[in-house]
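**Student:** Please find one structure pasted underneath; my questions will follow.
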Amino acid sequence: MSEISAFTALELRDALAAGELSAREVGAHFLGCIEELNPLLGSFITVTAEQAMDAAWRADEEFAARRAPLRALHGMPLAYKDLLDVAGVPTSYGTAAIPALAAEKDNALVATLSNAGAISLGKTQVPEFGLSCHSENDIAPPARNPLNPALSAGGSSGGEAAAVAAGMLPFGPGSDGGGSVRIPASACGLVGLKPGLGTIPSDVLDGTLDPFGAPRLTVSGPLAHNALDAALLMDAMIGPSQGTFLDTLRSGGIDSLRGLRVGVSTASPFASVYPISLSPEAHAALNKAIETLNRRAHHIEEAEIYYDTMYPEAFSTVWTSGLASAPLPPGSEEKLGTLARSFRERATAREVGVSLAAAAKLTEIAADFRTQWGRYDVVLTPAMAHTPPAIGYYTSQDADTDYMRQCQYTPFTSMVNVSGLPAVTVPTLTTADGLSMGVQIIGRAGSEIQLLALAAQLSEM
């Protein structure tokens with residue numbers, strides 16, 4: 001089974017589909033990796049080994065009796081952030097304030113991927129309520145970076161990213177409300193795709209606006225070692241007979257892509273309130289991407305982009321407003337972590353009119369983002385401002401310092417969620433210390449396949 005570790009997710013899927021590997025072999029392999037590595041990296045909150053092997057047995061029975069084409073992810077192992085319900089498995093939301101009760105039914109995305117043949121191995125570590133760009137909470141060990149376990153794996157999909165990067169999973173679905181796929185992908189050296197709002201149908205079952213009328217921020221997206229693996233998972237996340245990502249990339253979509261107008265920007269909408277500075281590694285990763293895109297015959301130019309100084313206030317208001325209505329058991333507020341407790345207190349004290357005004361302002365800003373970025377085919381930014389910080393860098397501080405440090409590490413991600421547009425982060429540099437740094441590419445509406453093609457081009461450096 002040792003050769004399984006060398007397979008890409010696509011190669012693994014093909015081996016399962018050809019009967020070269022059984023679902024039980026594959027499941028046992030990855031469960032063994034989890035048993036070995038999770039104590040060091042803290043990727044998993046819950047491991048559902050018995051359920052996974054039962055599902056693998058059923059997948060092998062289905063393979064033996066098949067009378068129709070196999071499902072797209074037949075026998076493929078993955079896991080879900082501990083913010084998503086998986087039937088029969090506790091959901092903690094990363095908090096001590098709510099009992100972690102077994103879910104009665106699958107979340108819509110979980111159901112979609114299960115119907116595609118994927119097998120869940122468990123639930124992965126997240127920050128409390130998914131609020132932060134790390135994956136540390138008060139209920140379980142933090143998710144640590146496989147490239148250096150003293151450092152953060154990012155968040156909020158940090159447990160998922162660490163598991164994929166370390167070989168505990170072949171790929172994984174994350175969710176991204178302010179960078180929560182792209183941040184841990186960048187920290188751990190993976191490709192992380194944030195699709196445009198509505199690209200994955202299960203993301204918009206409740207509409208495209210939040211209760212105050214602001215753009216809905218959170219979408220689902222894949223974390224993978226390369227663009228083809230991300231495309232395979234994207235096709236499954238979108239749903240049967242709708243995905244064309246993998247076929248397009250494999251039929252010339254990578255090599256044929258050239259001549260794009262690429263606007264390069266290091267401007268951040270958070271610069272009006274926080275000092276934003278880029279490390280030498282961030283500059284080096286950006287420059288390496290520019291060199292590669294030039295060789296690929298794309299047209300690189302400096303982008304002139306100016307951000308509304310009201311963005312930081314409007315975003316933080318919208319980001320936290322929902323906490324006011326979060327149902328908590330009586331007396332449980334004292335069990336909240338420092339950041340969540342502070343955010344909830346402020347949201348509860350806030351008048352409804354303030355939240356409505358912030359939603360309206362953010363909607364206006366979102367339109368401006370789309371207009372300015374739309375002057376280019378894609379916009380290229382650094383992925384993160386500096387290398388991943390140490391475990392405890394955020395959580396050892398008061399709420400305001402914690403939040404400021406998050407914005408300073410991730411100054412280019414949340415604006416994309418506000419815009420509703422797709423973006424991808426791609427590793428382009430390995431530092432002298434073995435850490436990963438990369439870039440973010442922001443696309444136009446519907447350009448997810450193009451972004452993955454660019455990710456593939458950058459990965460060939």
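**Student:** Take the alpha-carbon positions of region 308-461, form their convex hull, and give its projected area averaged over all directions (one quarter of the hull surface) in nm². List each step's numbers first, then the result.
**Tutor:** Details: hull surface 45.7 nm².
Seen from a random direction, the Cα hull of region 308-461 projects 11.4 nm² on average.
**Student:** Which order do the peptides 264-275, 201-212 come out in when sorted by mean C-beta neighbours inside 10 angstrom, highest first?
**Tutor:** Values: 264-275: 18.3, 201-212: 14.0.
Ranked from most to least packed, the peptides come out as 264-275, 201-212.
**Student:** Along the Cα-to-Cβ line of D138, 7 Å from the Cα, sits a label point; which residues in region 320-355 have backbone N less than 16 Å from it?
**Tutor:** Only 328-346 fall inside the zone, counting backbone N under 16 Å.
**Student:** Size of the dipole of region 164-321 about the Cα centre, Lys and Arg at +1 and Asp and Glu at -1 on the beta carbon, nothing else charged, in debye to 20? Before the final figure, lay out the partial values.
**Tutor:** Working: 9 positive and 15 negative charges, 78 e Å.
Once rounded to the nearest 20, the dipole reads 380 debye.
**Student:** Take Y311, Y93 and sort them by solvent-accessible surface of the protein heavy atoms, 1.4 Å probe, largest at the top. Provide the component values of the computation, followed by the final result.
**Tutor:** Details: Y311 0, Y93 75 Å².
Solvent-accessible surface, decreasing: Y93, Y311.
**Student:** Using only Cα positions of region 408-461, each an equal point scatterer, no hydration layer, compute I(q)/I(0) via Debye at q = 0.12, 0.27, 0.30 Å⁻¹ and quote the log10 values to two decimals.
**Tutor:** At q = 0.12, 0.27, 0.30 Å⁻¹ the computed log10 ratios are -0.31, -1.07, -1.15.
**Student:** I'd like the distance between the alpha-carbon centres of region 391-461 and region 180-205, rounded to an integer number of Å.
**Tutor:** With region 391-461 and region 180-205 each reduced to a Cα centre, they are spaced 10 Å.
**Student:** For the charge dipole of region 335-386, defined by +1 on Lys and Arg C-beta atoms and -1 on Asp and Glu C-beta atoms about the Cα centroid, which residue among A385, S342, S355 has the Cα displaced farthest towards the positive pole?
**Tutor:** Among A385, S342, S355, the one farthest towards the positive end of the dipole of region 335-386 is S342.
**Student:** Keeping all protein chains in the complex and leaving out DNA, RNA and ligands, what accessible area do you get for D398 with a 1.4 Å probe, in Å² to the nearest 10?
**Tutor:** 80 Å²
**Student:** State the volume of the convex hull built on the alpha-carbon positions of region 274-323, expressed per residue in Å³ and rounded to an integer. Don't skip to the end; give the middle numbers.
**Tutor:** Values: hull volume 7.2 nm³, N = 50.
In region 274-323, the Cα hull volume divided by residue count equals 145 Å³.
**Student:** In Å², and per residue, what accessible area does the chain have when probed at 1.4 Å with the other protein chains present? Numbers along the way, then the final one.
**Tutor:** On the way: 17580 Å² over 461 residues.
With all protein chains present, the chain gives 38 Å² per residue.
**Student:** In a solvent-free Debye calculation with one equal scatterer on each Cα, what is log10 I(q)/I(0) for region 1-115 at q = 0.13, 0.17, 0.23 Å⁻¹, listed in the order of the q values?
**Tutor:** Listed by q, the Debye log ratios stand at -0.56, -0.93, -1.40.
**Student:** Report the Stokes-Einstein translational diffusion coefficient (µm² s⁻¹, integer) for region 355-433, Rh taken as the Kirkwood radius over Cα pairs, at 4 °C with viscosity 1.567 mPa s.
**Tutor:** On the way: Rh = 15.0 Å.
Rounded to a whole number, D works out at 86 µm²/s.
**Student:** So, one more: Which value in Å does the Kirkwood hydrodynamic radius of region 373-412 take, with 1/r averaged over all unlike C-alpha pairs and then inverted?
**Tutor:** Values: mean 1/r = 0.0845 Å⁻¹.
Evaluated on region 373-412, it is 11.8 Å.
**Student:** Using +1 at the Cβ of each Lys and Arg and -1 at the Cβ of each Asp and Glu in the chain, identify which of G32, A17, N417 lies farthest towards the dipole's positive end.
**Tutor:** The Cα lying farthest towards the positive end belongs to N417.
**Student:** While we're on this one: Given a 1.4 Å probe and every protein chain left where it sits, what share in percent of the accessible area of region 167-243 is carbon and sulfur?
**Tutor:** Numbers: 1050 of 1940 Å².
Here it works out to 54 percent.
**Student:** Based on the Cα gyration tensor of region 217-326, what are the three equivalent ellipsoid semi-axes, each the root of five times an eigenvalue, rounded to whole Å and given largest first? Can you show the working numbers first?
**Tutor:** Values: eigenvalues 189, 132, 31 Å².
They are 31, 26, 13 Å, listed largest first.
**Student:** Hey, another quick one. Could you give the Stokes-Einstein D for region 113-206 in µm² per second, using the C-alpha Kirkwood radius, 20 °C, 1.002 mPa s?
**Tutor:** Values: Rh = 13.5 Å.
It diffuses with D of about 159 µm²/s by this estimate.
**Student:** Roughly to the nearest percent, how much of the accessible area of region 325-388 is carbon and sulfur, given a 1.4 Å probe? Spell out each step's value before the answer.
**Tutor:** Numbers: 1640 of 2960 Å².
Here it works out to 55 percent.
**Student:** Would you be so kind as to identify which of I45, A314, L257 lies farthest towards the positive end of the dipole of the chain, taking Lys and Arg as +1 and Asp and Glu as -1 on Cβ and the Cα centre as origin?
**Tutor:** Projecting each Cα onto the dipole axis, the largest value belongs to L257.
**Student:** Follow-up. Could you work out the per residue convex hull volume over the alpha carbons of the chain, in cubic angstrom?
**Tutor:** Details: hull volume 60.0 nm³, N = 461.
Enclosed volume per residue, from the Cα hull, is 130 Å³.
**Student:** Can you give the accessible area of K288 in Å² (nearest 10), computed on protein heavy atoms with a 1.4 Å probe?
**Tutor:** Answer for K288: close to 80 Å² accessible.
**Student:** Please pull out the direction-averaged projected area of region 197-260, using the convex hull of its alpha-carbon atoms, in nm² to one decimal place.
**Tutor:** Values: hull surface 23.1 nm².
Reported value for the Cα convex hull: 5.8 nm².
**Student:** A further question on this structure: For the chain, with only Lys/Arg (+1) and Asp/Glu (-1) charged at the beta-carbon, what is the dipole magnitude about the Cα centre, in debye rounded to 20? Working shown, then result.
**Tutor:** Values: 29 positive and 48 negative charges, 135 e Å.
It comes to approximately 640 debye.
**Student:** Could you give the semi-axes, largest first, of the ellipsoid that matches region 101-143, computed as the square roots of 5 times the alpha carbon gyration tensor eigenvalues and rounded to whole Å? If you can, show how the numbers build up before the last one.
**Tutor:** Details: eigenvalues 118, 26, 22 Å².
So the three semi-axes of region 101-143 are 24, 12, 10 Å.
**Student:** Taking 7 Å along the Cα-to-C-beta vector as the label spot, tell me the V352-T208 distance in nanometres, rounded to one decimal.
**Tutor:** Using points 7 Å along Cα→Cβ, the separation is 2.6 nm.
**Student:** Quote the charge dipole size of region 364-461 about the Cα centre in Debye, to the nearest 20; the model charges only the Cβ of Lys and Arg (+1) and of Asp and Glu (-1). Before the final figure, lay out each step's value.
**Tutor:** Values: 4 positive and 9 negative charges, 49 e Å.
So the magnitude is around 240 debye.
**Student:** Moving on to the next point. Any idea how far apart L40 and D54 come out in nm if each label point goes 7 Å out from Cα toward Cβ?
**Tutor:** With each label point 7 Å from Cα toward Cβ, the separation is 3.2 nm.
**Student:** Report the semi-axes of the equivalent ellipsoid for region 318-373 in whole Å, largest first, where each axis is √(5λ) for an eigenvalue λ of the Cα gyration tensor.
**Tutor:** 29, 12, 8
**Student:** A further question follows. Mind ranking 347-359, 113-125 by how tightly packed they are, going by the mean number of other C-beta atoms within 10 angstrom, highest first?
**Tutor:** Numbers: 347-359: 15.0, 113-125: 24.9.
Highest to lowest by the protection proxy: 113-125, 347-359.
**Student:** Turning to a different aspect of this structure: Output the peptides 60-69, 422-431, 322-331, 441-450 sorted from most to least packed, where packing is the average of other Cβ atoms within 10 Å over each peptide's residues. It would help to have the intermediate numbers written out before the result.
**Tutor:** On the way: 60-69: 10.9, 422-431: 25.3, 322-331: 12.4, 441-450: 20.9.
Going by the mean number of other Cβ atoms within 10 Å, highest first, we get 422-431, 441-450, 322-331, 60-69.
**Student:** Here is a follow-up. Percent of alpha carbon pairs in region 47-143 separated by more than 23 Å? Please report the intermediate quantities before stating the final value.
**Tutor:** Values: 1488 of 4656 pairs.
Beyond 23 Å sits 32 percent of the P(r) for region 47-143.
The values are calculated or read from the model by the stated rules, or taken from the named source; none is laboratory data. Just so it is clear, the structure is predicted and the values come from calculations on it, not from any experiment. Note: ideal-geometry Cβ built from the backbone for every residue, glycine included; neighbour counts use all protein chains shown. Areas reflect the complete protein model, heavy atoms only, side chains present, ligands, DNA and RNA absent. Shrake-Rupley method; radii C 1.70, N 1.55, O 1.52, S 1.80 Å.
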